[in-house]
Structures are given as structure tokens and as C-alpha cells.
Amino acid sequence: IFIPGLWAFRISPTPVIVEEKTTWDDQSGFSLKYPKSLKLNPHDEDKENYAHLELTSATHSGSLIVWAKDTTAATIADFVKIKKIEGAIDTTLGGETAKKVLDPDTKQIVISVIKNGYLYQVEVSPTDGEYWNLLFSDISSSFKFINEGKAQNKAVQPETTDEGQGDYIGGDEEVI
């Protein structure tokens with residue numbers, strides 16, 4: 001019904017994934033929330049990057065990958081210039097100034113940010129576009145920087161052993 005003099009606006013809420021979520025805290029200084037129904041592969045075999053998380057679904061083709069990498073760029077503007085990226089859109093990731101790029105051929109979407117000298121990227125390859133685009137928005141909006149120190153490269157992580165730890169079991173007693 002139209003009533004002269006009154007304006008009506010329809011507000012469409014931003015869709016969200018309504019699934020139980022879990023949090024991933026990464027050693028390279030970020031955390032994110034993702035649906036528990038997704039499979040998370042931290043790609044421990046990747047010794048070059050600080051983070052290489054891949055999220056996949058048993059029912060939807062495509063994937064979402066989160067990276068933490070070395071970069072020679074000092075700022076995100078430098079990164080865009082060095083990589084000769086065209087059409088980058090201003091956005092944020094983890095509260096930091098970032099750039100979002102859509103590859104028109106592959107439909108891949110990437111958000112990139114530089115923090116503390118490291119490049120962090122969230123990218124989606126949306127074979128099942130509607131599902132993954134919604135997840136991309138949901139997961140990237142949950143992305144937060146933690147542990148304000150340096151990112152830790154998986155290649156230089158010290159391995160923990162029991163040597164030199166004594167026979168301390170826990171509590172207040174030492175077992176000899």
C-alpha cells in the first residue's frame with residue numbers, strides 16, 4: 001500500500017552462515033572463526049609460508065585459503081604497485097587497511113593486508129559461488145590479529161622434546 005508522503009525502505013540484512021563455528025588461533029598472529037562442518041587443513045608440509053590454511057567442504061566444491069607470507073612491500077599500496085594489481089577495492093581485514101581483488105576470469109576473490117612486515121591474505125576459489133562467497137564474507141569478517149609480535153615460520157619452529165624437561169608430571173610434586 002502506498003501512502004503519499006511516506007517513504008518505505010526495505011532493509012535487506014547481510015546473510016550469515018548459520019552453523020556452529022569454531023575458532024582457529026594461528027601461530028602466525030591471527031585468528032578466525034569458521035563453520036565446524038568445514039575441514040581445515042593447516043598444510044604442515046608447507047615450510048615456506050607462515051600460514052597456509054585451507055578450508056574445504058564435503059558438499060560444496062571450492063575452497064578458502066588463508067596465507068601469511070613474507071613480502072618485500074612495506075605497505076598494501078606498495079604491494080598493489082609491485083604486483084601491478086588493477087581494480088583493487090579499499091577494504092579492511094582484521095581492522096587494518098586492505099585491498100580486495102576479484103579476478104574476472106577465475107572469479108577468485110582475495111583480500112590482502114600487510115601487518116608488521118608480513119602479507120596476510122584470505123582468498124576464495126568459489127567453484128560453488130554462492131556458498132563460498134558467503135563463507136568468504138563471514139570468515140574474513142571474523143579475522144583478527146592476535147599476538148602482536150612477529151609471525152612464526154613453520155620452518156623454524158623448534159621441536160619440543162621431553163629432553164631437559166626432567167620428570168615433572170604436573171601439580172606440585174616432582175616424580176623422581
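The values are calculated or read from the model by the stated rules, or taken from the named source; none is laboratory data. Just so it is clear, the model here is predicted, and its values are computed rather than measured. Backbone-built Cβ (ideal geometry, glycine too); neighbour counts: all protein chains shown. In case anyone asks, the SASA skips ligands and DNA or RNA and just uses the protein heavy atoms, side chains included. Shrake-Rupley method; radii C 1.70, N 1.55, O 1.52, S 1.80 Å.
Order 87-95, 132-140, 46-54 from most to least packed using the mean count of other Cβ atoms within 10 Å. Before the final figure, lay out each step's value.
Working: 87-95: 14.8, 132-140: 20.4, 46-54: 18.1.
Ranked by mean Cβ neighbours within 10 Å, highest first: 132-140, 46-54, 87-95.
When we measure straight from the Cα of residue 115, which lysines land under 24 angstrom away, once same-chain ones fewer than 8 places off are left out?
Of all the lysines, those that pass the test against residue 115 - Cα under 24 Å, at least 8 places apart if same chain - are 33, 47, 69, 81, 83, 84, 99, 100, 144, 150, 154.
Per the 1.4 Å probe, what fraction of the accessible area of region 53-96, in percent, lies on carbon and sulfur atoms?
Details: 1320 of 2580 Å².
For region 53-96, the apolar C and S fraction of the accessible surface comes to 51 percent.
Compute the signed sum of charges (Lys and Arg +1, Asp and Glu -1) over the other residues within less than 10 Å, Cβ to Cβ, of residue 30. Each step should come with its number before you reach the end.
Details: positive: 115, 144; negative: 25, 26.
Around residue 30, the surrounding residues sum to 0.
Taking one equal scatterer on every alpha-carbon of region 26-103, how large is log10 of I(q)/I(0) by Debye at q = 0.18 1/Å?
-0.96
Students sometimes get this wrong: rank 97, 72 by accessible area, probe 1.4 Å, all chains present, largest first. Please list the in-between numbers first.
Values: 97 95, 72 135 Å².
Ranking 97, 72 by accessible area, largest first, yields 72, 97.
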